Amino acid sequence: MNKKIEWTKEFSINNYALDKQHELIFDITNHANELAKEVLERYDDSLQEELKKTIVKLFDYIKIHFKDEESYMKEIDYPLLEEHKEAHRVLVEKTKELLNHSKNPQNFAKELAILTKDWIAKHFCVDDKWIDAYKYRVIHLNEVHFSLKTYKTIKALRNPAIDQEECFKYLCMCEDKIHQVPRSIHEEFLKEESVLKCEVCKQILVLWEEGEIKDLSYLEKEFIKIGKNDV
């Protein structure tokens, strides 16, 4: 794993205890990947042992975290509780299986990177955000709950070449502001019918098809149309 994501308030699910646990898990997984990289660069028995202990620590800690998170979901009557519990079960099993590769540094580093990406890019950064979205009754069910900058960072875990992709121009209600959206995210918006809001004006980004927007009145109509669909 070449890139890492530091926990920020943008990943918060507005539960202090669970947020602190998420932050610690981010730290442990990032540390584990750094150790794995060191082991690949210069194999050392002490480093290998430290890496194995870090994974055991992570395995024990996520079991505690998942139990606490499931109790919270039950408390707020989260409708996707069973699906979320199943995702937890799979991640626990994958972490346990990872220890089987501890004697092979190459496979260990590869499997750890894949698993870390699944946690950070998929489970903690996406699935867990739906808990907060449900609690506060987010209106738009397909909304991406991150800024464009953060979402690009998350996507870069699985697609390191995202910064070299062709970009599409999106507009918001900020004056003279154009959001450059990489092709892979643009295609995701179209396929999943998902939307993302500007972190400044809080309006949904609208694709700018050059030559079609004569003035802001067109853009205002688009926002009105989207707003009606959200109700």
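Worth a mention:
- Count of the range 88-112 residues which are open to solvent by 30 Å² or more (accessible area, probe 1.4 Å) and either of a type outside the set (D, E, K, R) or under 26 Å from E34 (Cβ atoms) (or both): 15
- The number of residues in the range 52-72 that are within 11 Å of V92 (Cα to Cα) and of a type in the set (D, E, K, R) comes to 2.
- Hits in the range 23-32 (condition: in contact (Cβ under 8 Å) with a residue 40 or more places away in the chain and under 16 Å from V56 (Cβ atoms)): I25, T29, A32
- Residue in the range 129-144 that is polar (S, T, N, Q) and either at pLDDT 85 or above or open to solvent by less than 30 Å² (accessible area, probe 1.4 Å) (or both) present: no
- Residue pairs meeting the criteria (Cβ under 8 Å; at least 6 apart or on separate chains; first under 11 Å from A32 (Cα atoms), in the range 44-57; second open to solvent by less than 50 Å² (accessible area, probe 1.4 Å) and among the small types (G, A, S)): Q48/S102; L51/A32; L51/A36; L51/S102; K52/S102; T54/A32; I55/A32; I55/S102
- Among (1) assigned to a helix (DSSP H, G or I); (2) without any contact (Cβ under 8 Å) to a residue 60 or more places away in the chain; (3) open to solvent by 50 Å² or more (accessible area, probe 1.4 Å), the one test that K117 misses: (2)
- Counted residues, the range 64-87 - those being open to solvent by less than 90 Å² (accessible area, probe 1.4 Å) and assigned to a helix (DSSP H, G or I): 13
The values are calculated or read from the model by the stated rules, or taken from the named source; none is laboratory data. The shown structure was predicted, so the numbers you read here are calculated from the model rather than taken from an experiment. Counting neighbours? That spans all protein chains shown, and the Cβs are built from the backbone with ideal geometry, glycine included. Calculation scope for accessible area: heavy atoms of the full protein, side chains included, ligands and nucleic acids excluded. Shrake-Rupley method; radii C 1.70, N 1.55, O 1.52, S 1.80 Å.
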